[in-house]
Amino acid sequence: MKTIFIAGHAGMVGGAIQRILSKEQNIKILIANRAEIDLTNQSAVHLFFAQNKIDEVYLAAAKVGGIHANNTYPAEFIYQNLMIEANIINAAFKNGVKKLLFLGSSCIYPKLAEQPMREDALLTGSLESTNEPYAIAKIAGIKLCESYNRQYGQSHGIDYRSVMPTNLYGPGDNYHPENSHVIPALLRRFHEAKESNFESVTIWGTGTPRREFLYVDDMAAACIHVMNLDKLLYDQYTSSMLSHINVGYGEDVTIAELATLVAETVGFVGSIYYDPTKPDGTPRKLMDSTRLNQLGWKATISLDKGLKMAYQDFLEKDNRQ
Ligand SMILES: NC(=O)c1ccc[n+]([C@@H]2O[C@H](COP(=O)([O-])OP(=O)(O)OC[C@H]3O[C@@H](n4cnc5c(N)ncnc54)[C@H](OP(=O)(O)O)[C@@H]3O)[C@@H](O)[C@H]2O)c1
């Protein structure tokens, strides 16, 4: 029986990892709510690891937010994320944890990175300024894993890996009217427009930017796949100072295509307009997931199917409130 600690189990990705792992045999899942342990608190984290014999860690806890939150609270984003990562990775090492998976984000890549973004684009240019503090903390997380592997991999047999997800959506998402990502925001807007019998919905920008989306259960499955990869195979496709792995769906869609799909999913029959006076953001953001594909994993949940499941989750949440 191995003990697996899921840091951030109450979040969207941590929850999905827990859903999958809880179906497996011979695994004891360890979780702790923020009230029990604040992961930015070094002594609390060390005590937790010392008191529990942990074999593997999924590090899915982070301070996460949209552009507005990143712009308003940059100090909280860099400080809390650095502390969570440093505390957990060091406590894991000190307490004999051999395997750990750190979750980063696609925002680690330079603002003008070539598309699709490959892993080796890391640290080749300036970051997007709005979420630079968060991105720097995520890059530090990758480098923490690599540095511990380089210094202690041989002597202590540790193997700490990193995955960089594209935009995620699905159960456990945040559907807040002002503070949510594009898919949950569109699900809410089209749902409310349908309920109110509105004749049209207007979307910010031209609808032409291209974005990639991955259903969260696919993300969780990819995390478990990467964690369990044979070390020789993993080493074959990574290097000691370029070890992270992109996790994407592999295809992108325009915002207009996405809006049409969401409207169909929700059953909104009115018109969709675009407001080109509002900002579009970067024209394209797509991960190159070749490395992960070569390592034997590919996304299986289509956007169409994922949106239907996400809308169910939205409706269930809406009914609970
Ligand atoms: N969602 C996306 O589209 C996306 C895209 C790329 C990368 N990622 C990455 O994937 C990971 C998981 O994201 P997510 O969407 O699942 O985020 P989430 O839903 O916000 O979950 C984050 C979890 O971390 C916990 N947490 C944060 N600070 C903590 C602290 N100081 N002490 C204890 N727990 C703390 C939160 O606890 P509470 O429940 O108490 O707040 C929450 O359960 C993150 O590293 C994120 O950067 C996400």
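Brief remarks follow.
- Coil-residue GluC sites (Glu not before Pro) of segment 225-321, DSSP, other Cβ within 10 Å capped at 14: Glu251
- A protection proxy built from the mean count of other Cβ atoms within 10 Å ranks the segments 187-193, 36-42, most packed first, as 187-193, 36-42.
- Structural descriptor for segment 1-71: relative contact order 47 percent, calculated from alpha carbon pairs under 8 angstrom and at least 6 residues apart.
- Accessible surface of Met219 - all protein chains present, 1.4 Å probe, nearest 10 Å²: 0 Å²
- A Förster radius of 51 Å combined with the Cβ-Cβ distance from Asp235 to Asp304 puts the calculated FRET efficiency at roughly 0.90.
- For Ser196, the solvent-accessible surface computed with a 1.4 Å probe is close to 60 Å², ligands and nucleic acids excluded.
- Ranked by the mean number of other Cβ atoms within 10 Å of their residues, highest first, the peptides 152-160, 96-104, 295-303 fall in the order 96-104, 295-303, 152-160.
- Label-to-label distance for Gln25 and Lys94 is 3.8 nm, based on points extended 7 Å past Cα in the beta-carbon direction.
- Average Cα contact separation per residue, segment 1-126, under 8 Å, 6 or more apart, as relative contact order %: 26 percent
- Unit charges on C-beta of K, R, D, E only; dipole of segment 68-194, Debye: 340 debye
- Carbon-plus-sulfur accessible fraction, segment 175-256 (probe radius 1.4 Å, protein heavy atoms only): 52%.
- Between segment 69-129 and segment 197-239, the Cα center-to-center distance that results, in Å: 16 Å
- Straight-distance candidates among the lysines for linking to Lys285, with alpha-carbon spacing under 19 Å and chain neighbours fewer than 8 residues away dropped: Lys111, Lys138, Lys298.
- Taking 7 Å steps out from each Cα toward its Cβ at Glu251 and Glu192 produces label points 3.1 nm apart.
- Shape of segment 41-125, Cα gyration tensor, a/c cut at 1.5: oblate
- Largest accessible area first, the residues Leu232, Leu292 order themselves as Leu232, Leu292 under a 1.4 Å probe with ligands, DNA and RNA left out.
- Apportionment of accessible area to carbon and sulfur, segment 19-141, percent (1.4 Å): 52 percent
- For the chain, the membrane-span-like helices by this rule, meaning whole DSSP H stretches whose C-alpha atoms cover at least 20 Å of axis and whose Kyte-Doolittle mean is -1.0 or above, are 74-94, 132-156; this says nothing about an actual membrane.
The values are calculated or read from the model by the stated rules, or taken from the named source; none is laboratory data. Source: prediction; values computed, not measured. Heads up, the Cβs are rebuilt from the backbone with ideal geometry, glycines too, and the neighbour counts pull from every protein chain shown. SASA here: full protein model, heavy atoms, side chains in, ligands and nucleic acids out. Shrake-Rupley method; radii C 1.70, N 1.55, O 1.52, S 1.80 Å.
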